[in-house]
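What follows is a single structure, written as structure tokens, with notes after it.
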Amino acid sequence: MNRSAIIAGAEKFARNELAADSSGHDWWHVYRVTKLAHKLAALENADVFICTAAALLHDVADEKLNPSKEAGIAKIDGWLKENRADEDDAAHIVEIISTMSYGDSAGRRMSTLEGQIVQDADRLDALGAIGIARTFAFSGWKGQLMHDPGLPPRENMTKEEYRSGKSTAVNHFYEKLFRLKELMNTAAARQMAEERHRFMEDYLNQFYEEWDPSD
Ligand code: ADP
Ligand code: NI
């Protein structure tokens, strides 16, 4: 099947799979990641088809939406075969999706420029105004408080405290979001991440001021 038919099909597939999700993996997250990946691919002279297809399919395999990560990856692999994607392209797309998430890739660099771009795009959507909104939405979905001034920062929490769900939306900024700018792969994404990072710092300063207006 030709590349533009695969892109149209992948969009339809992702919309269907993610329509009912409210954990931060809804279709509009995928829409934004796809637009970001497309923009970064053009700036970095990468393969736009691979970046777009991997971005469209990246959350169809998410563990939260599948019995296991392997089952999620198999679903994407099956879809690419059914839709007669070129074998090398399909292998590249599957490799990107199976290695790009925060936990999988800790410390390891994505092996291709296209993988680096899709990972950057996904991480950029966790930052800035959208990132803040997703964090509070996810926390609500998980049943976490938005903030607890009595809670130690994540790095000072015991594993048991953390596992028992004592984290908060505000804690998530420190445990993950403020670390992401250093992890960007491409120069263009790093620059965007820096702007979004500053916005989140300003946001939290205002948040703390409003939390304790007497100080
Ligand atoms: P993705 O792989 O698409 O970045 P994640 O599953 O890691 O998605 O998270 C979805 C969204 O929820 C992201 O915006 C992320 O920052 C946020 N999130 C993830 N874990 C937490 C948490 N423990 N508390 C608050 N927000 C979270
Ligand atoms: Ni994602």
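The values are calculated or read from the model by the stated rules, or taken from the named source; none is laboratory data. Keep in mind that this is a model prediction, so the values were computed, not measured. Backbone-built Cβ (ideal geometry, glycine too); neighbour counts: all protein chains shown. Quick note on the areas: whole protein, heavy atoms, side chains included, nothing else; ligands and nucleic acids left out. Shrake-Rupley method; radii C 1.70, N 1.55, O 1.52, S 1.80 Å.
Numbers at a glance
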{"read-out": "Residue count for the range 1-19, restricted to those that are of a type outside the set (Val, Ile, Thr) and away from ligand 2 (no atom under 16 Å from the Cβ)", "value": "9"}
{"read-out": "Filter result (open to solvent by 10 Å² or more (accessible area, probe 1.4 Å), away from ligand 1 (no atom under 16 Å from the Cβ) and in contact (Cβ under 8 Å) with a residue 12 or more places away in the chain) within the range 49-75", "value": "Phe49, Thr52, Lys75"}
{"read-out": "Residue in the range 20-39 that is over 14 Å from the mean Cα position of the chain (by Cα), at pLDDT 95 or above and not polar (S, T, N, Q) present", "value": "yes"}
{"read-out": "Flag if Arg108 is open to solvent by 70 Å² or more (accessible area, probe 1.4 Å) and without any contact (Cβ under 8 Å) to a residue 40 or more places away in the chain", "value": "yes"}
{"read-out": "Condition check for Ala46: hydrophobic (A, V, I, L, M, F, W, C) and open to solvent by 20 Å² or more (accessible area, probe 1.4 Å)", "value": "no"}
{"read-out": "Condition met for Ala106 (at pLDDT below 95, under 30 Å from Asn205 (Cβ atoms) and over 13 Å from the mean Cα position of the chain (by Cα))", "value": "yes"}
